[in-house]
Amino acid sequence: MWSYGPDCEGKDCNTDTYGASFVGRSQEIQATKHTTTAANKHGGALGAGEWSMLQQQIQTGKALHQSAKKLTAAAHELSAAALDGLSTAAKELSAIMMAMQATDNAQRTIMTAADGHHTGKKSTNC
């Protein structure tokens, strides 16, 4: 507990025996500030400026964390959209390949039938 001077009476004395307030404690307050600042450099309490800077860094860290979470969510959405696009493209290519194969098979059937028709029979109309 602080010592408020030889004239302080009682445990929770807020005035001295002459009724004066402790406005004159400025030297004691300054000593406390210097002690706090010095203690902070060795793992103790933070001074007002250091506390403000720490709060600012915490707010910046929180904002960066929120931004990172939003970017991660957007990346997941883009990945899902890309996978859907690739799946759709693969299905369309498969359908095109099947149509091309069916067309090729139909052309071969027609060619085979035409070749058999021309080589197997002689025209009697001549």
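Taking one equal scatterer on every alpha-carbon of region 47-117, how large is log10 of I(q)/I(0) by Debye at q = 0.21 1/Å? The Cα Debye sum returns log10 ratios of -0.91. Maximal additional length on extending the Ala90-Lys70 stretch stands at 4.2 nm, based on 0.36 nm per residue less the C-alpha distance.
Values quoted throughout were computed directly from the atomic coordinates according to the rules given, and no laboratory measurement underlies them. All of these numbers come straight from a predicted model, not from anything done at the bench.
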